[in-house]
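Q: Before I ask anything, let me first share the structure, which is written out below as structure tokens.
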Amino acid sequence: MILRQYHKIAAIIGILILWPAAGADAEEYLGPGALVASKDGKTLYVACADSRQVARVALPGGRVTRRMPVPAEPTGLVLTPDGAKLIVTCAAPKSTVVVFDVASGEQVAAIRAGHTAMGPAIGPDGRRVYVCNRFDNDVSVIDLAAGREVTRVAAVREPIAAAVTPDGRTVLVANLLPDARVDEDRDGDVTPVVTAIDTRTHETTAIELPHGANGVRDVCILPDGKHALVTHLLSNFERTPFQLVSGWINTNVVSVIDVQQRKMISTIGMDEYYQGAGNPWEVTCTPDGKRVFVSISGAHELCVIDTAELLGEYANRTMQPMMQVWPIYPSLGVSLWRRIGLPGKGPRGVAVAGSKVYAAEFFSDALAVVDVQVEEGDPVDTIALGPTPQLTLRRRGELLFHDASICYQTWQSCASCHPDGRVDSLNWDLLNDGQGNSKNTKSMLLAHRTPPAMALGVRESAEVAVRSGIEHILFADRPEAEAVAIDAYLKSLEPVPSPQLVDGRLTAAAERGRKLFKSDRVACHRCHPRPLYTDLKAHNVGTRGRRDTVDRFDTPTLIEVWRTAPYLHDGRCTTIEQLIVAGRHGLRGVDLSKQQIDDLVEFVLSL
Ligand code: HEC
Ligand code: HEC
């Protein structure tokens, strides 16, 4: 009896002791993403996104010799050609580009850039830095000596990475997403573009990637200055995804661009017939340009190829015609790439230093070190950047959401169609509401607070949609605990402040738009009431398409709608203006002036 009581008391004490640890959800992660190596190969700088630091790592030993704090999430870094300065993009609605003196490790300048600055690149003379402002859809041209932005050049949609040619004449900027309508009545390809900027005139050219490309993550220009490589997915979104194998849904590829001609010349896959290379992230090459490396963030691998092979006859003559008929064209069953499994999770940034390649393992707070000279056996080592992270439920969910290794044959992750928990801008025929009526991908933001899920509300909640996603889109049978973790991650997503806001506030035009939105005459708030901007109900708003089987669609939230084009359940409108002017959405015979429409659009885009 006493013994039993004792057990009970001990259990209660145990719970009390464990409780704070389990409940506090202390998230002290480093989150290493981007990295850059000094030319002499002796130092590595690692942008730790979560801890808001740049770690300086001494090579080859791997000791962290300094942790340099930065004012906001460090998203990218680059060294000046003389190696004297380190430039770090720190992302915020008003981003800062921080310049460190390498010798002293001290910050010497802070330069203002746009919304969510990332992917910096520097010209060969070290005078100009180009920074992608992801949510302003443009590129800041920064004069380093003057310590200020000289001009902005327009990109297309979510520019996230840049590279400069060795002659300094061209900057290539990779845009993450396509900017097109995707419904049946579209004409032309659906593709994100690489924006080429002439550095003297700042004129731009759009270089198209293949139809169905999305999730572009990086661009790298080979030292010959002739070819550039772009990592992305190739989505077979027009095919019904009733199976996954052999690249049926998403393939994982590198596209090759001819820099001078400003055009894409080939697309080479990394997948193998029975094993996808889910979610390629960064691409880099050796200083002599002879070898190319790609981090495979979802399959936790490093892909390696000889450049000659990547640009060679076999790849071009054999694979490109195959691409027309079958998506698995690129590998013909056997990948041309050497695929090296990495010890940690979520490799993103890659850098070459000496004879080794380093990959930043985002979820493991570590660097994978790959000695590519070692052809046989295990060429991989690890550098811990801090203590082994203890993953909270939310963090585990973030990892799983980006993890292609929970998918059958590692073809894709949830993030393949929902990059950063948002949208790939494509339509998919997910079969949960019949066949032949494709739907535009939905954002995960607020999904759990806005039931039911899916455009037709066919899933009663986001929880149900998460579980069916694992089963029917990743073709996997996974423990319930993983779905619970994914829920926790998705619930934690926070809206990014709209680029339309000025100092976090509505502009005067948006303020006028807000009044119209909730006026008795226009009354958008009947169906899109605050705070979620949805009444959680389905309505017939005259948007039924030829292939649809119903008239009523679930009312979507309008929060962050500025980043989720194209619009409506079938992605037929690329702008809010089209939706209101051509689509006459929500207007019920009310006529608005041009000014009123502009105001309304500005308000909606500010949410
Ligand atoms: C092949 C692309 C694709 C993949 C992979 C994918 N999704 Fe989706 N997801 C979609 C599309 C398309 C929709 C919208 C479908 C509709 O409206 O009928 C959607 C909708 C959802 C929704 C409903 C959101 C809402 O507010 O209604 C959730 C939740 C979701 N997905 C979670 C996931 C999770 C979790 C994974 C990984 C297990 C995943 N998805 C993988 C394409 C995909
Ligand atoms: C009668 C209810 C109703 C009213 C009134 C209404 N909406 Fe909607 N709204 C919807 C529904 C339902 C959808 C989804 C339709 C679809 O997907 O085909 C939608 C979609 C949208 C979208 C596209 C969102 C996306 O992610 O694709 C925007 C933007 C929008 N509405 C703004 C407005 C504005 C602005 C007004 C006022 C002028 C308004 N709505 C009035 C019900 C309404």
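Q: Go through region 550-574 residue by residue and tally those that are part of a loop (DSSP other than H, G, I, E, B) and touching a residue at least 24 places away in the same chain (Cβ under 8 Å). Outline the logic, then answer.
A: From region 550-574, those part of a loop (DSSP other than H, G, I, E, B) are 550-551, 555-560, 564-566, 568-572, 574; that's our starting set.
From the residues that got through so far, the ones that are touching a residue at least 24 places away in the same chain (Cβ under 8 Å) too are 550, 555-560, 564-566, 568-572, 574.
Within region 550-574, residues that are part of a loop (DSSP other than H, G, I, E, B) and touching a residue at least 24 places away in the same chain (Cβ under 8 Å) number 16.
Q: Looking at (1) in contact with a strand residue (DSSP E or B) (Cβ under 9 Å, 6 or more places away or on another chain); (2) surrounded by fewer than 24 Cβ atoms within 10 Å (Cβ to Cβ), which is the one condition that is false for A360?
A: (2)
Q: Also: Step by step: first the residues of region 570-581, then only those that are closer than 20 Å to R547 by Cα and not charged (D, E, K, R), then the one that is nearest to ligand 1 (Cβ to nearest atom). Which residue is that?
A: Residues of region 570-581 closer than 20 Å to R547 by Cα: 570-574, 579.
Now drop any that are not not charged (D, E, K, R), which leaves 571, 573-574, 579.
Details: G571: 10, C573: 16, T574: 17, L579: 17 Å.
Among them, the one singled out is G571.
Q: Now for a separate question. Assess whether A481 counts as being surrounded by 19 or more Cβ atoms within 10 Å (Cβ to Cβ) and either touching a strand residue (DSSP E or B) at 6+ places or on another chain (Cβ under 8 Å) or part of a helix (DSSP H, G or I) (or both).
A: No: the conditions fail for A481.
Q: Among the small types (G, A, S), in contact (Cβ under 8 Å) with a residue 60 or more places away in the chain and either buried (at least 18 other Cβ atoms within 10 Å of the Cβ) or not in a loop (DSSP other than H, G, I, E, B) (or both), is that true of A180? If you could, list the steps in order and put the result at the bottom.
A: Details: among the small types (G, A, S): yes; in contact (Cβ under 8 Å) with a residue 60 or more places away in the chain: yes; either buried (at least 18 other Cβ atoms within 10 Å of the Cβ) or not in a loop (DSSP other than H, G, I, E, B) (or both): yes.
So A180 fits the description; yes.
Q: Identify the single condition in (1) within 13 Å of ligand 2 (Cβ to nearest atom); (2) more than 24 Å from the chain's Cα centre (by Cα); (3) within 25 Å of T575 (Cβ to Cβ) that P452 does not satisfy, given that it satisfies every other one.
A: (3)
Q: Right, next: Test T388 against the criterion of being surrounded by fewer than 18 Cβ atoms within 10 Å (Cβ to Cβ) and modelled with pLDDT of 95 or more, and give yes or no.
A: No, not satisfied.
Q: I'd like the full set of residues that are touching a Pro at 6+ places or on another chain (Cβ under 8 Å), more than 8 Å from ligand 1 (Cβ to nearest atom), closer than 23 Å to R239 by Cβ and at pLDDT 90 or above, limited to region 426-472.
A: Correct list: D429 only.
Q: Further question: Going through region 262-306 one residue at a time, which ones are buried (at least 24 other Cβ atoms within 10 Å of the Cβ), modelled with pLDDT under 95, of a type outside the set (A, V, I, L, M, F, W, C) and in contact with a Pro (Cβ under 6 Å, 6 or more places away or on another chain)?
A: Hit for region 262-306 is G269, nothing else.
Q: When Y567 is evaluated against the numbered criteria (1) touching a Phe, Trp or Tyr at 6+ places or on another chain (Cβ under 8 Å); (2) of a type in the set (F, W, Y); (3) within 16 Å of ligand 1 (Cβ to nearest atom), which criterion, by number, is the only one it fails?
A: (1) is the only condition that Y567 fails.
Q: Now a separate question. Go over the candidates R588, R526, R552, R544 one by one and state the one that is near ligand 2 (Cβ under 10 Å from one of its atoms), surrounded by fewer than 20 Cβ atoms within 10 Å (Cβ to Cβ) and on the phi > 0 side of the Ramachandran plot.
A: R588
Q: How many of the residues in region 511-522 are within 24 Å of L445 (Cα to Cα) and either over 34 Å from the mean Cα position of the chain (by Cα) or not in a helix (DSSP H, G or I) (or both)?
A: Total satisfying the criteria: 1.
Q: Across region 401-422, what is the total count of residues that are buried (at least 23 other Cβ atoms within 10 Å of the Cβ) and under 24 Å from D185 (Cα atoms)?
A: Of the residues in region 401-422, 1 are buried (at least 23 other Cβ atoms within 10 Å of the Cβ) and under 24 Å from D185 (Cα atoms).
Q: Examine region 133-142 for a residue that is closer than 16 Å to C48 by Cα and in contact (Cβ under 8 Å) with a residue 40 or more places away in the chain, and state whether such a residue exists.
A: no
Q: While we're looking at this one, here's another question. May I ask you to list pairs of residues, at least six apart or on different chains, whose Cβ atoms are under 7 Å apart, with the first in region 531-544 being within 14 Å of ligand 1 (Cβ to nearest atom) and the second being among the small types (G, A, S)?
A: A538/G457
The values are calculated or read from the model by the stated rules, or taken from the named source; none is laboratory data. For clarity, every value in this text was computed on a predicted model and none was experimentally measured. Cβ atoms come from the backbone with ideal geometry, glycine included; neighbour counts cover every protein chain shown.
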